[in-house]
Amino acid sequence: TRFIYIALEQFCARISDRLIAISQPNIQKGLQHRICAQSKFTLIYNGIPLDKYRNIFDEKSVRLDLGLNPEAKVVGMIGRLDPQKNPLDFIRAAAIVLKQYPSAQFVIAGEGTLRAECEKLIAELHIQDKFFLLGFRSDIDRILSVLTITVMSSLWEGLPIVFFESMSAGKPIVANDVDGACDVVISGETGFLVQPRAVAEMAERILYLLENEGECARMGHVARTRSEQFSSQSMNQSIERLYRELLS
């Protein structure tokens, strides 16, 4: 399957004037697979309506709706329950954190084929009263408003939109260092990157942010400031500039 996709990409690149990549690691991967020359790639980050994730919500009401403790710090993951998003490692990290920070609560907003396995693991780790599977949600902006930290345990990603959403909402991110994550998650500045499958390291970083409110707030502020480059307007302008360049 990988061979077929690479061959298709190489064929399409030959008949294309330019290829848009959404992260620097995407470009490097394209070069490794000899898709085309580096000069044919243009980096344009995806964009989102930033203001949507900066709206002020009644946090007490949102927590009540989600069944969360009004006072607890909440750590959340936004993503499908499937092998790519790797939610089981997030659940394992949560169990480690809860041993030292039992007042925290954890949520995943998303649905998928691993739901039964997630429910089983949560029960085996005896954290049913601290970990909530919210299912598919269309109100991610509301959910982000009550999170203290956003976590992504994905094993591969281009550059997930949830990074931009979380940053715009002013939330620090703890994520696996895969593909385009390093383009936006700057360790010690907007959050922390950890090695994939390093559950203990992920738990350690989450715990650090929970215990150090000042650092957590600082990273959230930096994340919001840096999110400006990921606006829909910026993306559209970059694409328009590229088309005008090619047309001229």
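Within the range 156-183, the set of residues being assigned to a helix (DSSP H, G or I), closer than 18 Å to residue 53 by Cα and either within 10 Å of the chain's Cα centre (by Cα) or charged (D, E, K, R) (or both) comprises 161, 162, 163, 164, 165, 166, 167. A search for C-beta distances below 8 Å between a residue of the range 54-78 that is among the polar types (S, T, N, Q) and any residue that is exposed (fewer than 12 other Cβ atoms within 10 Å of the Cβ), counting only pairs 6+ apart in sequence or on different chains, returns 69/103. Given the residues 185, 178, which is the only one that is buried (at least 23 other Cβ atoms within 10 Å of the Cβ) and at negative phi? Exactly one residue qualifies, and that residue is 185. Among the criteria (1) in contact with a Phe, Trp or Tyr (Cβ under 9 Å, 6 or more places away or on another chain); (2) in a helix (DSSP H, G or I), the one residue 109 does not fulfil is (2).
Screening residue 168 with (1) within 26 Å of residue 114 (Cβ to Cβ); (2) surrounded by 21 or more Cβ atoms within 10 Å (Cβ to Cβ); (3) touching a residue at least 60 places away in the same chain (Cβ under 8 Å); (4) in contact with a Ser or Thr (Cβ under 9 Å, 6 or more places away or on another chain) gives one miss only, at (1). Among the residues of this structure, residue 138 does not count as one that is in a loop (DSSP other than H, G, I, E, B) and in contact with a Gly (Cβ under 8 Å, 6 or more places away or on another chain).
Does residue 105 satisfy the criteria of being in contact with an Asp or Glu (Cβ under 8 Å, 6 or more places away or on another chain), under 26 Å from residue 201 (Cα atoms), surrounded by 15 or more Cβ atoms within 10 Å (Cβ to Cβ) and among the polar types (S, T, N, Q)?
Values: in contact with an Asp or Glu (Cβ under 8 Å, 6 or more places away or on another chain): no; under 26 Å from residue 201 (Cα atoms): yes; surrounded by 15 or more Cβ atoms within 10 Å (Cβ to Cβ): yes; among the polar types (S, T, N, Q): yes.
Spelling it out, it is not the case that residue 105 is in contact with an Asp or Glu (Cβ under 8 Å, 6 or more places away or on another chain), under 26 Å from residue 201 (Cα atoms), surrounded by 15 or more Cβ atoms within 10 Å (Cβ to Cβ) and among the polar types (S, T, N, Q).
Scanning the range 84-98 for residues that are farther than 19 Å from residue 167 by Cβ, part of a loop (DSSP other than H, G, I, E, B) and more than 16 Å from the chain's Cα centre (by Cα) turns up nothing. Considered as a group, the residues in the range 214-232 that are of a type in the set (S, T, N, Q), part of a helix (DSSP H, G or I) and under 18 Å from residue 159 (Cα atoms) include one that is most open to solvent (accessible area, probe 1.4 Å), and that residue is 229.
Among the conditions (1) open to solvent by 30 Å² or more (accessible area, probe 1.4 Å); (2) closer than 24 Å to residue 57 by Cβ, residue 139 misses just one, which is (1).
Within the range 224-245, residues that are closer than 9 Å to residue 50 by Cβ reach partners that are assigned to a helix (DSSP H, G or I) and among the hydroxyl-bearing types (Ser, Thr, Tyr) with beta carbons closer than 6 Å, at six or more positions or on different chains, in the pairs 227/168.
Scan the range 186-199 and give yes if some residue there is touching a Leu at 6+ places or on another chain (Cβ under 9 Å) and small (Gly, Ala, Ser), otherwise no.
Step one: of the range 186-199, the residues touching a Leu at 6+ places or on another chain (Cβ under 9 Å) are 186-187, 191-192, 196-197.
Next cut, small (Gly, Ala, Ser) only: 187, 191.
Yes: the range 186-199 contains one or more residues that are touching a Leu at 6+ places or on another chain (Cβ under 9 Å) and small (Gly, Ala, Ser).
The values are calculated or read from the model by the stated rules, or taken from the named source; none is laboratory data. Quick caveat: nothing in here was measured; it's all calculated off a predicted structure. Neighbour counts run over all protein chains shown; Cβ positions are idealised from the backbone, glycine included. Surface accessibility is based on the protein's heavy atoms, side chains included, excluding ligands, DNA and RNA. Shrake-Rupley method; radii C 1.70, N 1.55, O 1.52, S 1.80 Å.
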